[in-house]
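The values are calculated or read from the model by the stated rules, or taken from the named source; none is laboratory data. Because the structure is a prediction, the values reported are computed rather than measured. Every residue, glycine as well, gets a Cβ built from its backbone with ideal geometry; the counts of neighbours run over all protein chains shown. The accessibility values were calculated without ligands, DNA or RNA, using every heavy atom of the protein model including side chains. Shrake-Rupley method; radii C 1.70, N 1.55, O 1.52, S 1.80 Å.
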Amino acid sequence: DGLELSVHDGEFFGLLGPNGAGKTTTLGILTTRIHATSGEAFVAGLDVRTADVAVRRRIGVVPQRPNPDRGLNVIENLVFHGAYFGMATRDATSKAMGLLEQFDIAGKALAKVDDLSGGQQQRLMIARALLHEPQVLFLDEPTVGLDPKARLSLWEVLRRLHREGRTIVMTTHYMQEADELCDRLAIIDRGR
């Protein structure tokens, strides 16, 4: 409802607010999953309404709840995602293994997704979102349901991505998380 924000290149930007505030809806619009009823939105310089396919090629999305293909193992999930973005199997496999190593889950490459802990599944979702090297990474409450150790571990992964210059937009309802990770934030409540 009249939401207006700007996120700068290389910034870690947070959308902070209670459950039901409109954070996930905002991300849905910015990631082209939801059509806005009015207004305009641009991601990586592109209009989400008229250039939705081009926007999706430039973004990585980590959903609120991990949603890997449970019929595939960890590496297969990543390679399949790479194919969606036109990556050759060899390139996707190489990139996927590098990301799994970076996120300390390379030993689980052949494991079924259901054999991963919640924190490991979230790391898999971040690896999947980064596989095609997006300009902007969107995270929708990435630490909900994680135990404190897994949450802190995931924070370190996100800090590292930010240090590498990645533009990150994250929703959260944890004030400490926003304070610890974000350069700037917007507080949203009831869509405003």
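Please go through the stretch 127-148 and pick out each residue that is closer than 20 Å to K95 by Cβ and assigned to a helix (DSSP H, G or I).
Going through the stretch 127-148, the residues closer than 20 Å to K95 by Cβ turn out to be 127-139.
Correct list: A127, R128, A129, L130.
Would it be correct to say that Q122 is under 20 Å from T31 (Cβ atoms) and assigned to a helix (DSSP H, G or I)? Full working, then the answer.
Details: under 20 Å from T31 (Cβ atoms): yes; assigned to a helix (DSSP H, G or I): yes.
For Q122, the condition - under 20 Å from T31 (Cβ atoms) and assigned to a helix (DSSP H, G or I) - is met.
Consider D91 carefully, then state whether it is touching an Asp or Glu at 6+ places or on another chain (Cβ under 7 Å) and at pLDDT 95 or above.
On the way: touching an Asp or Glu at 6+ places or on another chain (Cβ under 7 Å): no; at pLDDT 95 or above: yes.
In short, no.
Name the single residue that is surrounded by the most Cβ atoms within 10 Å (Cβ to Cβ) among those in the stretch 149-173 being at pLDDT 90 or above, of a type outside the set (A, V, I, L, M) and assigned to a helix (DSSP H, G or I).
That would be H162.
As an exercise: evaluate G39 against (1) in contact with a Leu (Cβ under 9 Å, 6 or more places away or on another chain); (2) exposed (fewer than 14 other Cβ atoms within 10 Å of the Cβ); (3) under 22 Å from M125 (Cβ atoms) and give the number of the one condition it does not meet.
If we test G39 against (1) in contact with a Leu (Cβ under 9 Å, 6 or more places away or on another chain); (2) exposed (fewer than 14 other Cβ atoms within 10 Å of the Cβ); (3) under 22 Å from M125 (Cβ atoms), just (3) comes out false.
Do we find that K95 is among the basic types (K, R) and surrounded by 15 or more Cβ atoms within 10 Å (Cβ to Cβ) in this structure? Walk me through how you get there before you give the answer.
Details: among the basic types (K, R): yes; surrounded by 15 or more Cβ atoms within 10 Å (Cβ to Cβ): yes.
Criteria met by K95.
Whether any residue in the stretch 7-30 is out of contact with any Asp or Glu (no Cβ under 8 Å at 6 or more places or on another chain) and of a type in the set (F, W, Y) is what I want to check.
Checking the stretch 7-30: not a single residue is out of contact with any Asp or Glu (no Cβ under 8 Å at 6 or more places or on another chain) and of a type in the set (F, W, Y).
Output the number of residues of the stretch 21-36 satisfying the condition of being in contact (Cβ under 8 Å) with a residue 40 or more places away in the chain, open to solvent by 40 Å² or more (accessible area, probe 1.4 Å) and over 10 Å from T171 (Cα atoms). Spell out how you get there, then give the answer.
Going residue by residue through the stretch 21-36, those that are in contact (Cβ under 8 Å) with a residue 40 or more places away in the chain are 21-27, 30-31.
Now drop any that are not open to solvent by 40 Å² or more (accessible area, probe 1.4 Å), which leaves 24-25.
Imposing the further condition that a residue be over 10 Å from T171 (Cα atoms) reduces the set to 25.
Of the residues in that region, 1 qualify.
Every residue in the stretch 52-77 that is within 21 Å of T143 (Cβ to Cβ), open to solvent by less than 70 Å² (accessible area, probe 1.4 Å) and without any contact (Cβ under 8 Å) to a residue 60 or more places away in the chain, please.
Of the stretch 52-77, the ones within 21 Å of T143 (Cβ to Cβ) are 59-68, 74, 77.
This time we only want the ones that are open to solvent by less than 70 Å² (accessible area, probe 1.4 Å), so: 59-64, 66, 68, 74, 77.
Within the stretch 52-77, P66, V74, N77 qualify.
From the set of residues in the stretch 149-176 that are out of contact with any strand residue (DSSP E or B) (no Cβ under 8 Å at 6 or more places or on another chain) and charged (D, E, K, R), which is farthest from Q135 (Cα to Cα)?
By that ranking, first place goes to K149.
Out of curiosity, is A109 open to solvent by less than 70 Å² (accessible area, probe 1.4 Å), hydrophobic (A, V, I, L, M, F, W, C), more than 20 Å from L161 (Cβ to Cβ) and free of Cβ contacts under 8 Å to residues at least 60 places away in the same chain? Walk me through it before giving the result.
On the way: open to solvent by less than 70 Å² (accessible area, probe 1.4 Å): yes; hydrophobic (A, V, I, L, M, F, W, C): yes; more than 20 Å from L161 (Cβ to Cβ): yes; free of Cβ contacts under 8 Å to residues at least 60 places away in the same chain: yes.
For A109, the condition - open to solvent by less than 70 Å² (accessible area, probe 1.4 Å), hydrophobic (A, V, I, L, M, F, W, C), more than 20 Å from L161 (Cβ to Cβ) and free of Cβ contacts under 8 Å to residues at least 60 places away in the same chain - is met.
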